[in-house]
1. Determine the shape class of the range 58-112: with a ≥ b ≥ c the square roots of the Cα gyration tensor eigenvalues, call it rounded for a/c under 1.5, and otherwise prolate if a/b is greater than b/c, oblate otherwise.
2. For the chain, report the % of Cα-Cα distances exceeding 21 Å.
3. Roughly what % of Cα-Cα distances in the range 23-74 sit above 12 Å, to the whole percent?
4. I need the calculated FRET efficiency for the pair Met1 and Trp40, taking r as the beta carbon distance and R₀ as 25 Å, to the nearest 0.05.
5. With all protein chains present, how much of the accessible area of the chain (probe radius 1.4 Å) comes from carbon and sulfur, to the nearest whole percent?
6. Please compute the modelled spin-label separation between Ile80 and Gln110, points set 7 Å along Cα→Cβ, answer in nm with one decimal.
7. Using alpha-carbon pairs under 8 Å, 6+ residues apart, how would you state the relative contact order of the chain in percent?
8. Counting only heavy atoms of the protein chains, get the accessible area per residue of the chain (1.4 Å probe) and round it to a whole Å² value.
Amino acid sequence: MNSAQLKCLAVFSLFAIIGFGPVSPGCLIGMYIVLKRPSWFLQLASHVYNNPPALPARPPSSHVRVKCFLSLLTLFIIDIAPVPVTPVIAFVIILLRPLWFYRTVIAVYQAD
């Protein structure tokens, strides 16, 4: 486990604690990332994945971004329930580092 993973786990642990209620900070930040594509998140993903291999080209970014935004919006609505779902999903992604997530990050950041 690298330092980027530890920092992400710490942040999402905090989100799990404060996420009880109508607002899911993880989903809100995720929606911001999908809309604005800040460079810091791409760097963070690269550090979490320890510089993964280059990936082949994906479909245009706008399609992936719409799907990601709608998925995060659905999680945001589900997180209104008393059990926070988003931090649990984030823990799994941070710990297991599935390649599909990194592919999705790269697809979100591709130019249209």
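The values are calculated or read from the model by the stated rules, or taken from the named source; none is laboratory data. Just so it is clear, the model here is predicted, and its values are computed rather than measured. Reconstructed Cβ throughout: ideal geometry from the backbone, glycine too, with neighbour counts over all protein chains shown. Areas reflect the complete protein model, heavy atoms only, side chains present, ligands, DNA and RNA absent. Shrake-Rupley method; radii C 1.70, N 1.55, O 1.52, S 1.80 Å.
1. On the way: a/c = 4.27, a/b = 1.48, b/c = 2.88.
Cα axes put the range 58-112 in the oblate bin.
2. Values: 2239 of 6216 pairs.
Above the 21 Å cut-off, the chain has 36 percent of its Cα pairs.
3. Values: 941 of 1326 pairs.
Looking at the range 23-74, the distances longer than 12 Å represent 71 percent of pairs.
4. Working: r = 21 Å, r/R0 = 0.82.
Between Met1 and Trp40 the formula returns 0.75.
5. Numbers: 4940 of 6780 Å².
Summing carbon and sulfur atoms, their accessible area is 73 percent of the total for the chain.
6. My value for the distance between the label points is 3.4 nm.
7. On the way: 102 pairs, mean separation 49.3, N = 112.
Computed value for the chain: 44 percent relative contact order.
8. Numbers: 6780 Å² over 112 residues.
Heavy-atom SASA per residue in the chain reads 60 Å².
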